[in-house]
Amino acid sequence: MNSVLTALRVFEEVATTQPVGLSDVSKRLDVPKSTVQRCLKTLAEAGWLRPSTTNAGQWVITGRAFSLGSAMSSGDDLREVALPELNRLQAETGETVHLAVPDGNELVLIERLDSPHQLRAFLALGTRLPLHAASTGKAYLASLPDERIEDFLATELPSLTERTVTEPAALREEIAEIRARGYAVTEQGLHDGIAAVAVALRGRGGTVRGCFSISGPASRLTPDLFADYGAKALAARDAIERRLP
């Protein structure tokens, strides 16, 4: 029982102070480093923690932990408010609609409305989405102040497919386009064969609460549909934002 309680304390400390390293957790909990290390490895094997991709030697909670928590937090009111419009959008386009919320330099998928087509886009709930590659990530990135964007562009941006845009100059141009038209697009930048259109959702205070996308096979969701789907997404965004606290 003591080992379980210690693991829970370690998880709570990481969740509260992430990203955080082994030494800091050990010091704050007054628990030996060897014990904390075992807890971190156990929690990682169980899917609740993972090493940070941007801060070497530090730990963060996973999408699994975040997704479970979102059902008990303010993230769930976003989901409840957005779902009626997102359902209408999914029915109108016939493609998969994903809803994701910000978590550091990534987004976490908290809802998916599946396309009825056999060939469709699919992401598991809890998936962490990179800002430079996912359409929702780009929509969120474009909403940030320029200083935060530059900090992000200074990090290592991995290529996930042959079409992932990783050059800072090209991403700056894309961000300017997103800001001008209101929606982001990606053509096989996150996954081969998948295209998507996405927009950001702001609360009344102006802070982005989440982003949603219309995603489908690139063979069906072709560039000639981007403007139409972008307009539909913006209309859904406006309807959702009118109801957001």
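Reachable lysines from K33, Cα under 21 Å, same-chain residues fewer than 8 places away excluded?
Of all the lysines, those that pass the test against K33 - Cα under 21 Å, at least 8 places apart if same chain - are K41.
Using a 1.4 Å probe on the protein heavy atoms, what percent of the accessible area of the range 3-67 belongs to carbon and sulfur? Can you show the working numbers first?
Details: 1980 of 3620 Å².
In the range 3-67, the share of accessible area belonging to carbon and sulfur is 55 percent.
Enumerate the amide H contacts of G21 below 5 Å, restricted to partners 5 or more residues apart or on another chain; note that Pro and chain-start residues carry no placed amide H.
So G21 has HN proximity to W59.
About the Cα centre of the chain, what is the dipole size in debye to 20, counting +1 per Lys and Arg Cβ and -1 per Asp and Glu Cβ, all else neutral? Before the final figure, lay out the partial values.
Working: 27 positive and 31 negative charges, 130 e Å.
With only Lys, Arg, Asp and Glu charged at Cβ, the dipole is about 620 debye.
Just to confirm the number: angle between the C-alpha axis of helix 33-45 and the first principal axis of the chain, 0 to 90 degrees, nearest 10?
Orientation of helix 33-45: about 30 degrees from the principal axis.
Quick one: which of 105-114, 29-38 comes out on top by average Cβ neighbours within 10 Å, and what's the full order, highest first? Kindly include the intermediate steps, with their values, before the conclusion.
Details: 105-114: 20.9, 29-38: 14.0.
Descending mean neighbour count gives 105-114, 29-38.
Can you tell me the accessible area per residue over the chain, all protein chains present, probe 1.4 angstrom, in square angstrom? If you can, show how the numbers build up before the last one.
Working: 12020 Å² over 245 residues.
Accessible area per residue: 49 Å².
Kindly list the residues of the range 16-37 that lie in the label zone of N2, defined by a backbone N under 20 Å from the point 7 Å along the Cα-to-C-beta vector.
Counting only backbone N, you get 26-37.
Could you tell me the calculated FRET efficiency between D77 and D228, based on Cβ-Cβ distance and R0 = 25 angstrom, to the nearest 0.05? Present the calculation step by step, with values, prior to reporting the outcome.
Working: r = 30 Å, r/R0 = 1.19.
With a Förster radius of 25 Å, E is 0.25.
Could you check the spin-label model distance between T155 and A46? Points 7 Å from the Cα along Cα→Cβ, value in nm.
Rounded to a tenth, the inter-label distance reads 2.6 nm.
Over the chain, what number does the Rg to Rh ratio reach, with both radii from the alpha-carbon atoms and Rh per Kirkwood?
Computed over Cα atoms, the ratio is 1.00.
The values are calculated or read from the model by the stated rules, or taken from the named source; none is laboratory data. The shown structure was predicted, so the numbers you read here are calculated from the model rather than taken from an experiment. Virtual Cβ from ideal backbone geometry, glycine too; neighbours counted across all protein chains shown. Heads up: the accessible areas ignore ligands, DNA and RNA and are worked out on the full protein's heavy atoms, side chains in. Shrake-Rupley method; radii C 1.70, N 1.55, O 1.52, S 1.80 Å.
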